[in-house]
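In what follows, a structure is listed as structure tokens, so that the remarks can point back to it.
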There are 2 protein chains.
Amino acid sequence: MSNLYCGVDIGGTKCSIALINEKGKILDKIYTCAHVDKDEESIIQMLVGNIREIISRNQLKESGLPGIGIGCAGHIRFRDGVIITTSNLKGFKNYPLREKFQSHFDIPVIVDNDTNAQALGEYKFGAGKGFDDMVFVTVSTGIGAGIIINKQLYRGTTGTAGEFGHSIVEPGSELTCTCGNRGCLMAHACGLALPHLFEKKLKEGKKSTLNLPPNFIMSRMSGQVLKQGLDMGDPVSTEVIAESGYYVGVGLYNLFQILNPPLIVLGGGLTNWGDFYLNKIKSTFFDLARDMVYDPIEITISEIVGDAGVIGAAALTLD
Amino acid sequence: MSNLYCGVDIGGTKCSIALINEKGKILDKIYTCAHVDKDEESIIQMLVGNIREIISRNQLKESGLPGIGIGCAGHIRFRDGVIITTSNLKGFKNYPLREKFQSHFDIPVIVDNDTNAQALGEYKFGAGKGFDDMVFVTVSTGIGAGIIINKQLYRGTTGTAGEFGHSIVEPGSELTCTCGNRGCLMAHACGLALPHLFEKKLKEGKKSTLNLPPNFIMSRMSGQVLKQGLDMGDPVSTEVIAESGYYVGVGLYNLFQILNPPLIVLGGGLTNWGDFYLNKIKSTFFDLARDMVYDPIEITISEIVGDAGVIGAAALTLD
């Protein structure tokens, strides 16, 4: 064995294939967007080629790796590595991803949800080091969680445990989630919700000082644009970010009451909103939790930045 | 060893001490309400006496039991068996219950939250037999959960995991929970909430056909009274029960998204509302979960009735 680990992160706009060492450091990486317009079989072929390339160009043999870990967004049935649904990629409905990859390799292929993989990466190499239990929460285009219990990922019966973004925090809400329900945490706080949240504030009569171009398409309202707004003091951007933080805080509080973890780690793009956002999340959490916190609970930002997905995917092969 | 197990269930109005066999069947039980007006030390003395009595009158020796399991409502710090707070008993704040009992016995004393104990009982002897993971939810005066993961109780860092009744399902609610927050599941669905829910319906102009006596004190509105109302077709009672069922359904759905368990078992007094209530819970759950359920999830009623508390307490000593 080489003490190296191979991970594949399959995302909607980019794929990464990397080799990491036992400290979670990336030694080599292939980054590609070439899969976007390909069909399922062609994507598999391309990624298998990339895996073989990264193995060979590092003077490794397949048998020198404990396995290949693959993280993919969506509902993944862990026991057989089938993608049940994914909104990130065209096709791939009830698609036997593990079986397809496995047919090309003699070492085990492990397929898991990308957030689970990130949680494991965070637990092995990041803020979770030394803890037995933790929850990793990503606040990004969507919202999801990965739950570590007793030093292991807890995946539930299908593998969809941690689909925390679909927990309902406002049953009477007018905001609809991608799942079709109203009032999911995701409908109130994630990247996909930002255009709706911004429009809602404008409809309430709030005035934005963001000089959006006249042809600005509201569906493109993003975390980056709002970050600019926050930095320049735009009241609407600030309120949207605060509202997202409030709902994430409520969600973390609910996780606390259910799981009583010693650590919650936040990752995902919206954490780039920085201290203002994190403070809103934490103040909401501690205002609710008050005197019901008897042992320290740490709420912190991911220590693995940038390549958390592919590092987590590789971490799937560690045990 | 005798293959017998000793449990103590300390409740606000009654205490039970029982011996059960390896199938969870009660062989002998002492039931008492004599603790209600006693102070902490006197309650301990009385219960220690009861335990000694049940041991001796069954021709057992203390050393023939693996331990003594004690279930108690409230926030229990599992690692040292301290009652942090309990609303059921006077006093007992930061009270070292395990230490106090342990000083009287040579076999291990285990103290846990009563809902955790019930969850374990249900897992060992009831609807949970044969499952590796399950969630037990009690809907009673309050609402709580006990979580079995990988064949063990998951207690969290303090021991307060499963305090699911305090998860927030209506952040903007005018209904306040005993914890002081608004919009907790408990504020919308448990026994304590019934007077508020009933009054809310009356204020909305609904007419009750329950012939409540003119001097009826609304704070005494109970599950039993509402059950009469349901059976006789009172629209207000029916709506209150349906509303409780709706919120419990939302809560179970949130648990499903977070934990993806194969089984949820419902216990507690309000399940006596019967099929109408269970069907409302289930229909709310499955309307929300729809096509996100990929493996069967069973939602069922506790198979351990009546003495679930003391059977669960004894089950704490099984492993």
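What the table shows:
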| item | result |
| --- | --- |
| Selection status of A:ILE55, free of Cβ contacts under 8 Å to residues at least 60 places away in the same chain, in a helix (DSSP H, G or I) and not polar (S, T, N, Q) | yes |
| In the stretch A:174-185, residue surrounded by the fewest Cβ atoms within 10 Å (Cβ to Cβ) [restricted to those that are modelled with pLDDT of 95 or more and within 21 Å of A:TYR277 (Cβ to Cβ)] | A:LEU185 |
| Test: residue in the stretch A:125-133 that is more than 20 Å from the chain's Cα centre (by Cα) and more than 20 Å from A:LEU252 (Cβ to Cβ) | yes |
| Answer from A:THR176, A:THR141, A:THR157, A:THR209 - the residue that is polar (S, T, N, Q) and within 17 Å of the chain's Cα centre (by Cα) | A:THR141 |
| Per-region count, the stretch B:19-30, residues in contact with a helix residue (DSSP H, G or I) (Cβ under 9 Å, 6 or more places away or on another chain) and either under 15 Å from B:GLY306 (Cα atoms) or surrounded by 14 or more Cβ atoms within 10 Å (Cβ to Cβ) (or both) | 8 |
| Qualifying residue in the stretch A:85-97 (condition: modelled with pLDDT under 95 and not in a loop (DSSP other than H, G, I, E, B)) | yes |
| Qualifying residue in the stretch A:71-78 (condition: assigned to a loop (DSSP other than H, G, I, E, B), of a type outside the set (A, V, I, L, M) and surrounded by fewer than 23 Cβ atoms within 10 Å (Cβ to Cβ)) | yes |
| Failed item in (1) closer than 30 Å to B:LYS29 by Cα; (2) small (Gly, Ala, Ser); (3) in the same structural domain as B:MET186 (by TED's automatic domain parsing), with B:GLY306 passing the rest | (3) |
| Subset of the stretch A:205-264 (residues that are on the phi > 0 side of the Ramachandran plot and in contact with a Ser or Thr (Cβ under 9 Å, 6 or more places away or on another chain)) | A:GLY233, A:ASN260 |
| Selection count, the stretch A:179-229, where residues are touching a Gly at 6+ places or on another chain (Cβ under 9 Å) and over 30 Å from A:GLY74 (Cβ atoms) | 3 |
| Helices (runs of 4 or more DSSP H) wholly inside the stretch A:203-319 containing at least 2 residues that are within 14 Å of chain B (Cβ to nearest Cβ), crowded, with 17+ Cβ neighbours inside 10 Å and among the polar types (S, T, N, Q) | A:235-259 |
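Okay, residues lined up against (1) in the same structural domain as A:HIS166 (by TED's automatic domain parsing); (2) at pLDDT 95 or above; (3) of a type in the set (A, V, I, L, M):
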position: A:ASN211; (1), (2), (3): yes, no, no
position: A:SER219; (1), (2), (3): yes, no, no
position: A:VAL225; (1), (2), (3): yes, yes, yes
position: A:ASP231; (1), (2), (3): yes, yes, no
position: A:VAL236; (1), (2), (3): yes, yes, yes
position: A:ILE241; (1), (2), (3): yes, yes, yes
position: A:GLN257; (1), (2), (3): yes, yes, no
position: A:VAL265; (1), (2), (3): yes, yes, yes
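The values are calculated or read from the model by the stated rules, or taken from the named source; none is laboratory data. None of the values given here were measured: they were computed from a predicted structure. Cβ sites come from the backbone with ideal geometry, for glycine too, and all protein chains shown count toward neighbours.
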